[in-house]
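K.L.:
Got a structure for you, written out below as structure tokens; questions coming shortly.
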Amino acid sequence: MRVNSHLFTDAQMRDFIVNGYITVKAELSRSFHETIYRKTQELTAKEGNLGNNILPRVPELQAVFEEPAVRGALTSILGENYVMHSHRHPHQNRPHSDGQGFHKDSYWGYNKVRHHRPRWAMAFYYPQDAPLKLGPSAILPGTQYYDTRITENNEDELPMSGEAGTVTLIHFDLWHRAMANHTDKTRYMMKFQFIRMDEPQEPEWNVANPHWDMERLHENGDAASLTHEGTWRHVWHWMTGEKNGQPAATANGNLATHIAALRDKSPAVRSRAADELGVLGESAAEAVPMLIAALHDTYEPVRLNAAYALGAIGEPAVPKLIETLGAENGQTRRMAAYALGAVGEAAVQALSEALGEGEDAARVEAAYALAQIGSPAHNAVPALMARAEDSVVEVRRYTVDALGSMGSVADEAVPVLTEMLASDTDDQVRFDAALALAQIGPASSDAIPVLADALRDGNRYVRDNSVLALKRIGTPAAESALFDYLLMSRWCPMTHRESTH
């Protein structure tokens, strides 16, 4: 059992899974944070927003993310081998601004997989005190699992106020915004992104009870306003490295009641009914047709709970879910993909067949579902490799994501990923291919020459992920390529118009 005072407790992990955020304090001196604020303000005045270069321009920021409480939280969420992504941004909330509307971040303008499992996280760091009047960031707790806004007029928003040194870690897909700044001072918030590089094999926090404890969640008052126990349980079990989860509850005569409630006029009643069916697992197989119909519900929480209920039912739900991958409605197709991802290994053969034979939309969602399953989908590697030249760019993108999520078990795909990195015309396919090679790790060593060439790619994220891949491969040849790149591209953060040498 792990014992590290800076790692999460079970209660903190439950809270993060349910609400999508946690706040910690970087215990550095106030003068340290003031230095970061001052340097950011001075450099921004001279050069404009520093964007991805905020770290080399203000290298003191690295200490924030090395601080034990911050590192412990990131390790708990993303595992010991997490990495900092090269995209980062110093957000300015200018004096007397009106703030923003709620949004999810794009992936730097690209459309990547949105994972319910926390494979990506963002950190919001304040170098100054951020009281409500200064316009801190605000979040909508628990909304990381929703593609759409389900509340209006910013109800249920939670301001992320805090002293200098406050770091809030959020699930990448949590809805958030900048609030209005009612002062004469600029509020800075440094946004950094982090990636899980391998799948959890065991809990990576201070686990005391490896089973999902819903009763304790309610006792502590941690549950969100809408219940998605099926989703939360699924994410918890994945993060503990558990493949089969907890035993399902018994029906106890409630099955017919829950099925009837799926047709209730109240969205909240329908949502609860779908969630209750998920708790029953395979014993609710009789409800598969009704849950499939619920994937078309107009209220997203109903669709979400139905998807994870179908995932908990498992193999009996697979045939109908595969059919639903070809549904006309894109939201319905995506929920079917989430459900198949939750089914896991039992869905891999059917997904492999859909990947090879389905219509365009079905192939996209089949690749997407395999990306959710990760390493248990290793038998799908040949089917995924066969889609490397698919005419539909989204299929190629999700194919690469799926191979990367499998890690080292997808090592036979290294030649295919290498070719995609070298020659695919789509920027996103190329930078995802480089990331996949990084996730596969040392077994990607044959890709070193192409990775070295990719350090000159016109897309910054292709270059950055190629650097990461070479670092993780770690052979002398990979290190040599990295040093050559460093010597060629080294940049002096002290050089500017007033000081050129």
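The values are calculated or read from the model by the stated rules, or taken from the named source; none is laboratory data. Since we're looking at a predicted model, the values are computed, not measured. As a convention, Cβ positions derive from the backbone with ideal geometry for all residues, glycine included, and neighbour counts pool all protein chains shown. Note: accessible area is taken over every heavy atom of the protein model, side chains too, but ligands, DNA and RNA are not part of it. Shrake-Rupley method; radii C 1.70, N 1.55, O 1.52, S 1.80 Å.
K.L.:
Apply the Kirkwood formula to the range 11-108: the hydrodynamic radius equals the inverse of the mean of 1/r over all pairs of different alpha-carbon atoms; give it in Å with one decimal.
P.N.:
That comes to 15.8 Å for the range 11-108.
K.L.:
Here's a follow-up. Return the calculated 222 nm mean residue ellipticity for the chain, to the nearest 500 deg cm²/dmol, obtained by summing -39500 (n - 2.57) across DSSP H runs with n ≥ 4 and dividing by the residue count.
P.N.:
Computed ellipticity for the chain at 222 nm equals -14000 deg cm²/dmol.
K.L.:
Now for a separate question. Match the structure shown to one of the listed values (i) 77, 52, 44; (ii) 104, 53, 33; (iii) 69, 52, 52 of Cα extents along the principal axes in Å, computed from it, and give that label.
P.N.:
Here Cα extents along the principal axes in Å agrees with entry (i).
K.L.:
Still on this structure: Given the chain, what count of lysine pairs have C-alpha atoms under 29 Å apart, with each pair 8 or more places apart or on different chains?
P.N.:
The number of close lysine pairs in the chain is 25.
K.L.:
Sorted by average packing, counted as other Cβ atoms within 10 angstrom per residue and highest first, what order do 370-376, 425-431, 79-85 take?
P.N.:
370-376, 425-431, 79-85
K.L.:
Once phi is turned into ³J(HN,Hα) by the Karplus curve 6.51 cos²θ - 1.76 cosθ + 1.60 with θ = phi - 60°, what whole-Hz value does each residue of the range 479-488 show in order, with x for glycine and proline?
P.N.:
Residue by residue, the range 479-488 yields 5, 4, 4, 5, 5, 4, 5, 4, 5, 6 Hz.
K.L.:
How big is the shadow of the Cα convex hull of the range 364-477, averaged over all directions, in nm²?
P.N.:
Taking the Cα atoms of the range 364-477, their convex hull projects to 5.9 nm² on average.
K.L.:
Rounded to the nearest percent, how much of the accessible area of the chain (1.4 Å probe, protein heavy atoms only) is carbon and sulfur?
P.N.:
Roughly 49 percent, rounded to a whole number.
K.L.:
Here is a follow-up. Which number comes out as Rg/Rh for the range 249-336 once both Rg and the Kirkwood Rh are worked out on C-alpha atoms?
P.N.:
0.94
K.L.:
Further question: From the C-alpha coordinates alone, can you work out the Kirkwood hydrodynamic radius of the range 62-170, in Å?
P.N.:
It is 15.7 Å.
K.L.:
Accessible area, 1.4 Å probe, largest first: how do Arg233, Arg456 sort?
P.N.:
Arg456, Arg233
K.L.:
Still on this structure, please answer the following. Using only the alpha carbon atoms of the range 276-392, find the Kirkwood hydrodynamic radius as the inverse mean reciprocal pair distance, in angstroms to one decimal.
P.N.:
13.8 Å
K.L.:
Sticking with this structure for a sec: Determine, for each peptide in 397-410, 156-169, 310-323, the mean count of other beta carbons within 10 angstrom over its residues, then list the peptides with the highest first.
P.N.:
Highest to lowest by the protection proxy: 397-410, 310-323, 156-169.
K.L.:
With the contact rule set at Cα under 8 Å and sequence spacing of 6 or more, what percent relative contact order holds for the chain?
P.N.:
This gives 12 percent for the chain.
K.L.:
A further question follows. Which peptide among 198-210, 333-345 comes first, and what is the full order, when sorted by highest mean count of other Cβ atoms within 10 Å?
P.N.:
333-345, 198-210
K.L.:
Something else now. For the range 331-424, which semi-axes, largest first and in whole Å, follow from the square roots of 5 times the eigenvalues of its Cα gyration tensor?
P.N.:
19, 15, 10
K.L.:
Separate question: Using a 1.4 angstrom probe on the protein heavy atoms only, could you order Arg196, Arg460 from most to least accessible area?
P.N.:
These residues rank, largest area first, as Arg460, Arg196.
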